[in-house]
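Note sheet for the following structure.
The values are calculated or read from the model by the stated rules, or taken from the named source; none is laboratory data. Given the structure is predicted, the values throughout are model-derived calculations rather than measurements. Counting neighbours? That spans all protein chains shown, and the Cβs are built from the backbone with ideal geometry, glycine included. The accessibility values were calculated without ligands, DNA or RNA, using every heavy atom of the protein model including side chains. Shrake-Rupley method; radii C 1.70, N 1.55, O 1.52, S 1.80 Å.
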Amino acid sequence: MWIQKQLTLKCHPRGFHIITDEIERQLPELRQIRTGLLHLFLQHTSASLGINENADPTVRADLEEHFNRSAPDGACWYQHDYEGDDDMPAHIKCSTLGCQITIPISSGLLALGTWQGICLGEHRDQGGARRVIATIHGE
Amino acid sequence: MWIQKQLTLKCHPRGFHIITDEIERQLPELRQIRTGLLHLFLQHTSASLGINENADPTVRADLEEHFNRSAPDGACWYQHDYEGDDDMPAHIKCSTLGCQITIPISSGLLALGTWQGICLGEHRDQGGARRVIATIHGE
Amino acid sequence: MWIQKQLTLKCHPRGFHIITDEIERQLPELRQIRTGLLHLFLQHTSASLGINENADPTVRADLEEHFNRSAPDGACWYQHDYEGDDDMPAHIKCSTLGCQITIPISSGLLALGTWQGICLGEHRDQGGARRVIATIHGE
């Protein structure tokens with residue numbers, strides 16, 4: 001069985017956010033799958049999608065700090081700055097963190113570990129709503 | 001339907017390159033898929049495969065600069081330098097950026113966002129032609 | 001054909017480890033697949049899963065050194081340090097390197113390049129045994 005849907009994520013402020021519930025609410029079809037895979041593909045190059053610790057908000061704050069130190073806003077050597085100081089760092093973070101993940105589905109549920117959540121990295125100051133293509137495949 | 005092919009990418013100079021057209025030209029089979037996934041797997045550990053901004057070449061120049069600063073050629077502490085100053089940094093960049101991606105297929109087309117392209121990171125000075133295993137699966 | 005199994009990786013010390021054999025030994029079902037994909041999903045947020053050079057151990061030593069320099073143990077600005085100096089850096093490394101990969105299967109074998117191996121990044125000093133959900137799909 002193949003199911004493909006376009007999801008819209010609400011506007012999130014810059015930083016890292018656990019969005020497991022936001023994704024699952026839009027995918028009731030997951031319950032129909034005994035064994036399969038969910039693929040999530042963010043259609044943007046200035047935000048990222050990954051798996052992260054789902055419990056302690058300081059983990060997400062520290063991730064934001066780490067990646068801001070690695071790719072600082074407005075570094076003097078960026079050539080690409082059309083859309084402001086957060087433009088090029090957002091592309092660097094998206095490249096580093098990725099924009100797509102695959103998650104196993106077992107007995108109608110995402111087979112995430114106890115401490116794992118789906119994590120949106122919003123790397124723009126004003127990223128707006130983000131589009132995700134969800135592809136479910138299984139039996 | 002499963003289709004698996006070995007693709008060859010032409011020699012690209014060191015740096016980041018949008019290869020969406022180069023990939024699509026070698027995969028006319030995509031048009032047969034209404035709903036599915038394309039998986040691309042680069043069979044190398046000194047180049048990378050990802051999704052990036054497809055419009056402004058300065059994004060790719062800034063990515064090259066950023067990753068060269070993160071993993072400089074010939075850092076004094078590298079133990080692995082058999083093949084020269086660009087050897088170990090290439091492995092670090094490949095680990096960081098990844099060598100495989102999955103892209104949704106909708107109505108015979110890759111469901112990339114407006115500004116997204118498939119991006120090859122060539123991290124060797126003389127990387128040569130690169131092999132990619134493309135696996136298309138869908139209905 | 002869909003096959004999904006929970007694998008257990010033995011305890012590995014902190015650092016990078018090639019685990020291709022350890023994975024393949026637990027997946028004799030691969031031989032039944034002519035064309036397909038293997039998805040590996042590590043159910044943890046303090047270790048990582050990727051593809052890396054499979055031959056020279058100094059590559060793995062240099063990767064460990066690089067990522068320790070990027071995300072040092074016990075940096076003074078980490079807020080999240082419940083479980084010690086290696087706690088937050090492990091989450092940063094897991095985000096950067098990823099916790100899941102997809103590998104093509106061709107004629108019953110993983111279609112890895114000559115120098116590629118499946119690489120576990122153990123980012124905790126005492127990570128213990130790690131769980132991986134393996135999903136094989138193909139024909």
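Contact map, segment B:64-77: residues that are in contact (Cβ under 8 Å) with a residue 40 or more places away in the chain paired with residues that are small (Gly, Ala, Ser), Cβ distance under 7 Å, separation 6+ or inter-chain. Pairs shown: B:64/B:15.
One residue alone among A:100, A:26 is more than 28 Å from residue B:95 (Cβ to Cβ), in contact with a strand residue (DSSP E or B) (Cβ under 6 Å, 6 or more places away or on another chain) and open to solvent by 10 Å² or more (accessible area, probe 1.4 Å), and that residue is A:26. Once segment B:124-139 is narrowed to residues that are assigned to a loop (DSSP other than H, G, I, E, B) and touching an Asp or Glu at 6+ places or on another chain (Cβ under 7 Å), the residue that is least open to solvent (accessible area, probe 1.4 Å) is B:124. Scanning segment A:81-96 finds one or more residues that are touching a helix residue (DSSP H, G or I) at 6+ places or on another chain (Cβ under 7 Å) and farther than 24 Å from residue B:95 by Cα. A search for C-beta distances below 9 Å between a residue of segment A:1-23 that is more than 19 Å from residue A:127 (Cβ to Cβ) and any residue that is assigned to a strand (DSSP E or B) and modelled with pLDDT under 95, counting only pairs 6+ apart in sequence or on different chains, returns nothing. Looking across segment C:54-73, the residues that are open to solvent by 20 Å² or more (accessible area, probe 1.4 Å) and either among the polar types (S, T, N, Q) or touching a strand residue (DSSP E or B) at 6+ places or on another chain (Cβ under 7 Å) (or both) come down to C:54, C:58, C:60, C:64, C:68, C:70.
When the helices (runs of 4 or more DSSP H) confined to segment A:1-120 are screened for residues that are of a type outside the set (Ser, Thr, Tyr) and within 12 Å of chain B (Cβ to nearest Cβ), those reaching at least 3 such residues are found at A:87-97. Among the candidates C:34, C:124, C:60, the residue that is more than 30 Å from residue B:74 (Cβ to Cβ), under 16 Å from the mean Cα position of the chain (by Cα) and of a type outside the set (A, V, I, L, M) is uniquely C:124. Against the condition closer than 25 Å to residue C:128 by Cβ and modelled with pLDDT under 95, how does residue C:65 come out, does it pass? Taking the combined requirement at face value, the residue does not satisfy it. Within segment C:66-107, the set of residues being hydroxyl-bearing (Ser, Thr, Tyr) and closer than 30 Å to residue B:102 by Cβ comprises C:70, C:95, C:96, C:102, C:106, C:107. The residue of segment C:74-96 that is surrounded by the most Cβ atoms within 10 Å (Cβ to Cβ), among those that are at pLDDT 95 or above and of a type in the set (Phe, Trp, Tyr), is C:78.
In the condition set (1) within 16 Å of the chain's Cα centre (by Cα); (2) within 16 Å of residue B:130 (Cβ to Cβ), residue B:24 is compliant with all but (2). Would you mind stating whether residue A:114 is modelled with pLDDT of 95 or more, surrounded by fewer than 24 Cβ atoms within 10 Å (Cβ to Cβ) and within 15 Å of the chain's Cα centre (by Cα)? The answer is no for residue A:114.
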